[in-house]
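Worksheet: the structure to be examined is printed underneath.
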Amino acid sequence: MAENNALELNLGLGNNFGGHVGQSPRQRCPAPFLLKTYDLLEEGEAENSTKIVSWNEEGTGFVVWSPAEFSELTLPRYFKHNNFSSFIRQLNTYGFKKTSSKRWEFKHEKFQRGCRHMLGEITRKKCEPSVFPAYLKSSSEENATSSTEENNQQQQQQQLMEENKNLKKERLELQMQIDECKALEMKLMACLSQYMETTQNKVRRLC
């Protein structure tokens with residue numbers, strides 16, 4: 001009887017071990033940032049908010065169509081802040097890549113539409129870079145370029161104002177010269193008239 005119980009116990013343990021061999025390893029829980037980013041895209045499609053942010057056509061990445069509205073409306077709802085640059089830095093720490101120079105499109109091979117189960121495979125970088133990624137740096141350079149353009153515009157405006165001032169001064173000087181010429185013309189006409197009158201009187205006397 002004891003041998004039968006021992007045999008049943010061994011068989012039971014064998015079945016349990018066999019069951020574990022066939023199971024897949026436990027999946028890692030996705031980071032809250034990834035879950036929220038995925039949810040805002042899915043809920044955005046359901047709420048027809050795709051003009052602000054949406055999956056790309058292939059579903060292999062997403063596009064922030066309106067960074068201003070995304071910062072003002074979407075970020076506070078999901079992340080309790082409205083800092084677009086901070087959101088991009090978070091994407092960078094999880095290995096997302098900006099894939100277009102003309103729009104804010106980001107991709108990660110494990111972040112795809114309809115593949116929520118793959119989010120657990122996305123891991124945070126061990127060492128976050130101390131400098132901004134290229135697309136943030138270019139944004140900073142754009143701001144610097146914008147400031148330079150504003151300074152150039154101000155300088156051009158000052159130059160135009162100075163030039164306008166000089167033109168007004170030249171106009172006044174020319175007007176004074178014209179007035180002097182007119183006065184001289186009047187004197188010459190008066191002298192000529194007086195000369196003609198004197199000449200006519202002499203002619204009459206001779207006749």
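The values are calculated or read from the model by the stated rules, or taken from the named source; none is laboratory data. Keep in mind that what you see is a predicted model, and the values were worked out from it rather than measured. Every residue, glycine among them, receives a Cβ derived from its backbone with ideal geometry; neighbour counts consider all protein chains shown. Quick note on the areas: whole protein, heavy atoms, side chains included, nothing else; ligands and nucleic acids left out. Shrake-Rupley method; radii C 1.70, N 1.55, O 1.52, S 1.80 Å.
Numbers at a glance
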item: Amide H within-cut-off set for GLY61, under 5 Å, with H built and near neighbours excluded; result: ASN56, ARG113
item: Protection proxy ranking, peptides 85-92, 102-109, average beta carbon neighbours within 10 Å, highest first; result: 85-92, 102-109
item: LYS98 accessible area, 1.4 Å probe, all protein chains in place, Å² to nearest 10; result: 50 Å²
item: Protein-only accessible surface order, largest first, of TYR38, TYR78 at 1.4 Å; result: TYR78, TYR38
item: Selection of trypsin sites (Lys or Arg not before Pro), region 30-82, meeting DSSP coil and at most 10 other Cβ within 10 Å; result: LYS51, LYS80
